[in-house]
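Since the structure comes first, as structure tokens, the remarks are kept for the end.
The values are calculated or read from the model by the stated rules, or taken from the named source; none is laboratory data. Not measured: the values here are computed from a predicted model. Neighbour counts run over all protein chains shown; Cβ positions are idealised from the backbone, glycine included. Surface areas here come from the heavy atoms of the whole protein model, side chains and all, with no ligands, DNA or RNA. Shrake-Rupley method; radii C 1.70, N 1.55, O 1.52, S 1.80 Å.
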Amino acid sequence: MARDQQAVVLNALDVAKTQWYHFIAIVIAGMGFFTDAYDIFSISFITKILGRVYYTKQGAEKPGTLPPNVSAAISSVALCGTLAGQLCFGWLGDKLGRKKVYGITLMLMVISSIASGLSFGSTPNGVMATLCFFRFWLGFGIGGDYPLSATIMSEYANKKTRGAFIAAVFAMQGFGILTAGIVSIIVSNAFDHAYKAPPYSVDPKASLVPQADYVWRIILMFGALPAALTYYWRSKMPETARYTALVENNAKQAAVDMSKVLQVNLQSEEGNIKEEKVIERQHPDKASFGLFTKEFAHRHRLHLLGTTTTWFLLDIAYYSQNLFQNDIFSAIGWIPAAETMNAIEELYTIARAQTLIALCSLVPGYWFMVAFIDHIGRFPIQLMGFFFMTVFMFALAIPYHHWTLKPNRIGFVVLYSLTFFFSNFGPNATTFVVPAEIFPARLRSTCHGISAAAGKAGAVVGGFGFLYAAQSTNPAKTDPGYPPGIGMKNSLYMLGIINFFGMLFTLLVPEPKGKTLEELSGENEE
């Protein structure tokens with residue numbers, strides 16, 4: 001009878017019509033991803049002004065840049081925090097429940113975003129160390145949001161539109177990216193007009209006004225605002241019915257919780273539910289296997305291998321592209337040489353170029369995914385995405401010299417943009433969606449956290465590795481402080497190979513389209 005009562009609750013959720021609360025839940029759950037994208041997108045050009053403010057040397061021919069180890073730390077420390085947060089909160093989400101730890105992640109993001117903008121120190125390295133400390137905890141909060149938000153949205157949604165709802169949560173990154181670009185453009189433009197400064201080549205000292213130190217701080221702190229505004233609604237979200245019914249074995253409470261926010265028919269016989277709940281707890285199901293068991297390995301080892309490897313490989317390619325995006329724009333002439341601009345003007349120019357690329361490629365890819373994921377399916381979209389990312393990377397790498405010639409620069413940008421479009425209308429979204437669907441409720445958050453942590457491990461590899469790998473093979477043409485690398489052309493070859501392996505490992509991932517979570521996880525057979 002207990003399983004019958006659970007079935008009533010779960011079936012009601014699977015066939016429920018799309019309702020207003022589903023859209024509210026998307027916004028509430030998506031704020032972590034908004035903050036994640038805002039931070040990653042903005043830090044890529046904030047590092048330029050940090051180099052100017054804290055590492056410019058008097059009499060130097062070019063403005064200051066961050067030392068390689070400092071640049072790598074700032075860009076990647078949040079990724080390390082994210083990895084730790086994904087594992088920690090993924091486990092806590094299954095152990096304590098999704099709701100109990102959901103508000104903690106948001107508050108960590110809000111506090112750490114504000115604290116990052118208030119970073120202090122008596123020396124440049126002291127400021128950078130403080131910034132890195134707060135960025136680690138910002139990443140820790142963001143990391144916790146990955147498994148919790150994906151799991152909560154998958155457990156709220158019906159089976160018909162589940163993929164679109166989870167993808168929509170992830171697509172909040174698009175709004176974070178655009179907001180980061182717009183805020184950076186507005187703030188830098190306002191300061192540039194208020195505090196006029198000549199280019200560095202004209203007057204090195206005057207090109208860096210003291211107020212430039214406020215620009216990057218304001219940009220970082222603004223990212224906390226949207227997350228702070230949603231904290232109240234996140235604290236009011238009830239525990240998901242699937243967790244309450246399947247993990248806590250309390251079908252009655254699941255019915256009560258869902259009736260508060262969704263119009264679903266969850267009426268059951270109270271007496272029977274109470275009685276069966278006690279019996280269920282006295283005689284636990286032998287099939288309730290844990291993560292480190294033979295039964296889990298038998299059922300889900302290939303699934304977990306597929307979700308971890310594809311996310312790992314995807315993020316190596318995805319984050320390495322983001323981190324040396326500025327160098328690509330400079331190489332093709334979209335961003336002038338640093339010495340021809342003042343400090344604030346440089347930030348404005350980079351933000352404008354990156355926002356344009358994001359608007360034309362990144363953001364549309366997110367919403368193409370939302371529109372088509374439940375029609376085409378996760379597996380075909382992920383396979384297609386990796387395939388086209390491979391093709392475009394090789395199309396950039398093989399005739400690389402051709403693309404560097406001035407008449408062909410626009411073609412380079414178009415192909416480069418298409419790789420981002422097919423990453424978002426492809427594996428960047430599906431690697432997030434699928435782990436929230438194919439594992440049992442009692443392990444869903446943990447397995448999603450493990451998969452996401454593998455992705456962030458790939459992001460760290462891409463972030464650290466390609467800062468060095470993309471350097472010129474000619475020691476005279478490397479950035480200050482960097483050893484010679486393998487060059488941009490060979491880096492693009494490597495990314496193409498990585499994307500190809502992502503396509504192969506996609507074959508281990510099942511297709512969740514049109515199936516209930518219990519069918520996918522095998523819980524209806526236990």
When each pair of different Cα atoms in the chain is counted once in the 1/r mean, what is the Kirkwood radius in angstroms, to one decimal? 23.9
At 1.4 Å probe size, with no ligands or nucleic acids counted, give the accessible surface of MET494 in Å², nearest ten. 90
When the accessible area of the stretch 388-526 is split by element with a 1.4 Å probe, what percent falls to carbon and sulfur? 70
Simple spin-label model, 7 Å along Cα-to-Cβ: TYR231 to HIS375 in nm? 4.1
I'd like the accessible area for TRP91, computed on protein heavy atoms only with a 1.4 Å probe and all protein chains in place. Round to 10 Å², please. 130
Taking a spot 7 Å from the Cα of ALA129 along the direction of its beta carbon, which residues of the stretch 48-72 have an amide N less than 18 Å from it? 54-55, 67-72
Taking the Cα centre of the stretch 296-430 as origin, sum charge times position over the Cβ atoms of Lys and Arg (+1) and Asp and Glu (-1), and report the length of that vector in debye to the nearest 20. 440
May I ask you to give the solvent-accessible area per residue for the stretch 67-130, in square angstrom, as obtained with a 1.4 angstrom probe? 37
So what's the gap between the Cα centers of the stretch 353-391 and the stretch 83-129, to the nearest angstrom? 29
How far is helix 363-376 tilted, in degrees, relative to the longest principal axis of the Cα atoms in the chain, given as a value from 0 to 90 rounded to the nearest 10? 30
Tally up the carbon and sulfur contribution to the accessible surface of the stretch 10-65 as a whole percent, 1.4 Å probe, everything protein left in place. 60
Using a 1.4 angstrom probe with every protein chain in place, what is the largest-first accessible-area order of ASP36, ASP374? ASP374, ASP36
For GLN86, what is the net charge nearby, where nearby means another residue's Cβ is under 10 Å from its Cβ and Lys, Arg count +1, Asp, Glu -1? 0
At q = 0.24 Å⁻¹, work out log10 I(q)/I(0) for the stretch 392-453 with the Debye formula, treating every Cα as an identical point scatterer and leaving solvent out; two decimals please. -0.90
Net length gained if the chain between GLN263 and LYS205 were fully extended (0.36 nm per residue, minus Cα distance): 14.4 nm
Applying a 10 Å radius around every beta-carbon, put 501-511, 424-434 in order of their mean neighbour count, most first. 424-434, 501-511
Mind checking the angle between helix 124-156 and the chain's longest principal axis? C-alpha axes, 0 to 90 degrees, to the nearest 10. 30
Helix-only estimate, please: 222 nm mean residue ellipticity of the chain, summing -39500 (n - 2.57) across DSSP H runs of length 4 or more and dividing by its residues, to the nearest 500. -24000 deg cm²/dmol
Put TYR195, TYR214, TYR482 in order of accessible area, largest first, probe 1.4 Å, and you get TYR214, TYR195, TYR482
TYR214-ILE398 pseudo-label distance in nm [points 7 Å out on the Cα-to-Cβ vector]: 5.3
Cross-link reach from LYS62 to lysines, straight Cα distance under 25 Å and at least 8 residues apart if same chain, gives LYS48, LYS196, LYS205, LYS406, LYS477
Placing +1 on the Cβ of each Lys and Arg and -1 on the Cβ of each Asp and Glu in the stretch 7-94, which of VAL27, GLY90, PRO68 has its Cα farthest towards the positive end of the resulting dipole? PRO68
Does anyone have the angle between helix 68-95 and the longest principal axis of the chain? Alpha-carbon axes, 0 to 90°, nearest 10? 10
Average accessible surface area per residue within the stretch 444-526, 1.4 Å rolling probe, Å²: 40
Spin-label pair LYS196/LEU356, simplified geometry with 7 Å Cα→Cβ offset, distance in nm: 2.6
Looking at this model, which pairs from LYS100/LYS456; LYS160/LYS515; LYS17/LYS159; LYS17/LYS160; LYS17/LYS515; LYS294/LYS515 are more than 20 angstrom apart at the alpha-carbon? LYS100/LYS456; LYS294/LYS515
